[in-house]
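Visitor: Following this message is one structure expressed as structure tokens.
Derivation of every value follows stated rules applied to the coordinates shown; laboratory data play no part. Computed from a predicted model, the values in this text were never measured in an experiment. Methodologically, a virtual Cβ is constructed for each residue, glycine included, from the backbone with ideal geometry; neighbour enumeration extends over all protein chains shown.
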Amino acid sequence: MNLVFRSLAIALLYLLCIVGWGLPAQAQSATADLSPQAVQEISDLRDKAFTASQKGQFAEAETYWSQLIDYLPNEAALWSNRGNVRVSQNHLAAALEDYTQAIALAPEQPDPYLNRGAALEGLGRWEEAIADYTTLLTLDPDDAAAYNNRGNAQAGLGNWETALADYQKAVELDPKFAFARVNAALAEYQLGHAEEAIRQFRSLTRRYPSFADARAALTAALWGQGQSGEAESNWVAVMGLDRRYKDLDWVGTVRRWPPAMVAALEKFLNL
């Protein structure tokens, strides 16, 4: 069983994914030396921490994870989980400290590297993020999320061909990884391959009709090709799904579309 939350790297951009866990074997061993009352309190705190996290009550969840760390300071999963809820509050520097502690306690576990890389991306520390994702891939060469996120960090440096290669590897490993697929198409557009990008955007919108990111990108790309009717039709759908795509600052700095794609959307919005 995976003992720490799976990546919040993508959460920095547009989603939050929380998965379950159980107390690791070493934690169970540590609780053997505690009183029955303390063991029960640890169990209760764990349940409260997950419930608060899943409800989006991140400040409350952070308090519970901190209390669990007080009981079990050598459990990497607890540090990583607290780091995740700190990321969700945009407390990135504090989250980095937690992930670094998780890595120190369990350097063979891949998830803290993925999560720390996400926090480093949020701070614009692209090269450090790439280093964490690369380390993760030495531990798990088939981790599609690591390839996708490393592509994001390469994109932050403007290395679009390298980013595209990472996105394509993520898709190869997980063909249903929709965000990696749309990222690959965005990189294609940035590299001047508009027709290929449009083909991929269309494929994504057919497969995932409610995928606002792909529809918004398709809108901008089609408008740039003079296909105004189809562009406007897709935009109507986008506005019914996610109105943030009207905000060019959000698209460029939070969602982090490539400059060429942002410029194409700006032309559509202006006209």
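Visitor: May I ask you to list the lysines whose Cα is less than 29 Å away from that of LYS246, ignoring any residue fewer than eight positions away on the same chain?
Guide: Output for LYS246: LYS55, LYS176, LYS267.
Visitor: Also: Work out the charge dipole of the chain with +1 on the Cβ of Lys and Arg and -1 on the Cβ of Asp and Glu about the Cα centre, then indicate which of GLY240, LEU164, ALA94 is farthest towards its positive end.
Guide: In the chain, that residue is GLY240.
Visitor: Then there is this: Bin by bin, in steps of 5 Å, what percent of the Cα pairs in the chain do you find, going until the bin that has the longest distance?
Guide: Here the calculated profile for the chain is 1, 6, 12, 16, 16, 14, 12, 9, 6, 4, 2, 1, 1, 0, 0.
Visitor: Then there's this: From the phi angles alone, apply the Karplus equation (6.51, -1.76, 1.60; θ = phi - 60°) to segment 249-266 and give each ³J(HN,Hα) in whole Hz, x where the residue is Gly or Pro.
Guide: Along segment 249-266, the couplings run 5, 4, 4, x, 9, 9, 5, 6, 5, x, x, 5, 6, 4, 5, 5, 5, 4 Hz.
Visitor: Ok, one more. Calculated from DSSP H runs of 4 or more alone, at -39500 (n - 2.57) each and per residue, what is the 222 nm mean residue ellipticity of the chain, nearest 500? The partial results should precede the final answer.
Guide: On the way: 14 runs with 186 residues, N = 271.
Counting only the DSSP helices, I get -22000 deg cm²/dmol.
Visitor: Compute the FRET efficiency between GLN225 and GLU161 as 1/(1 + (r/R0)^6), taking r as their Cβ-Cβ distance and R0 = 22 Å, and round to the nearest 0.05. Write out the running numbers ahead of the final one.
Guide: Details: r = 23 Å, r/R0 = 1.03.
Once the sixth-power term is evaluated, E becomes 0.45.
Visitor: What residue among GLN227, GLN109, GLN89 has the largest mean-square fluctuation in a Gaussian network model of the chain, using Cα springs under 10 Å?
Guide: GLN227
Visitor: Follow-up question, since we're still on this one. Using R₀ = 30 Å, calculate the FRET efficiency as 1/(1 + (r/R₀)^6) where r is the Cβ-Cβ separation of GLU232 and VAL254; round to 0.05. Could you put the intermediate results ahead of the total?
Guide: Working: r = 25 Å, r/R0 = 0.82.
That pair, GLU232 with VAL254, gives E of 0.75.
Visitor: ³J(HN,Hα) across segment 54-71 via Karplus (A = 6.51, B = -1.76, C = 1.60, θ = phi - 60°), whole Hz, x for Gly/Pro?
Guide: 5, 8, x, 8, 6, 5, 5, 4, 4, 4, 5, 5, 5, 5, 5, 4, 4, 6
Visitor: Pull out a ≥ b ≥ c, the square roots of the eigenvalues of the alpha-carbon gyration tensor of segment 177-271, then state rounded if a/c is under 1.5, prolate if not and a/b is larger than b/c, and oblate in the remaining case. Present the calculation step by step, with values, prior to reporting the outcome.
Guide: On the way: a/c = 1.10, a/b = 1.06, b/c = 1.04.
Rounded shape, in that the Cα axes give a/c under 1.5.
Visitor: OK, next. When only Cα pairs under 8 Å and 6 or more residues apart are kept, what is the percent relative contact order across the chain?
Guide: Values: 376 pairs, mean separation 31.5, N = 271.
Once divided by the residue count of the chain, the mean separation gives 12 percent.
Visitor: Choose one of PHE201, ALA214, ASN270: the residue whose Cα lies farthest towards the positive end of the charge dipole of the chain (beta-carbon charges +1 Lys, Arg; -1 Asp, Glu; about the Cα centre).
Guide: Ranked along the dipole, the leading option is ASN270.
Visitor: In sequence order, what are the phi-derived ³J(HN,Hα) couplings for segment 95-103 according to the Karplus relation 6.51 cos²θ - 1.76 cosθ + 1.60 with θ = phi - 60°, rounded to whole Hz, with x for glycine and proline?
Guide: Calculated HN-Hα couplings, in order: 4, 4, 4, 5, 5, 5, 5, 4, 5 Hz.
Visitor: Still on this structure, I have one more. Taking H as built 1.01 Å from N, whose amide H comes closer than 5 Å to the amide H of LEU123, not counting residues under 5 places away?
Guide: Answer set, sorted by chain and number: none.
Visitor: Specify the angular offset, from 0 to 90 degrees and rounded to the nearest 10, of the alpha carbon long axis of helix 111-122 from the longest principal axis of the alpha carbons in the chain.
Guide: Its long axis makes an angle of about 50 degrees.
Visitor: Any idea what the dipole of the chain comes to, in debye rounded to 20, about its Cα centre with Lys/Arg Cβ at +1 and Asp/Glu Cβ at -1? Show your work: numbers first, answer last.
Guide: On the way: 23 positive and 33 negative charges, 194 e Å.
Using only the charged Cβ atoms, the result is roughly 940 debye.
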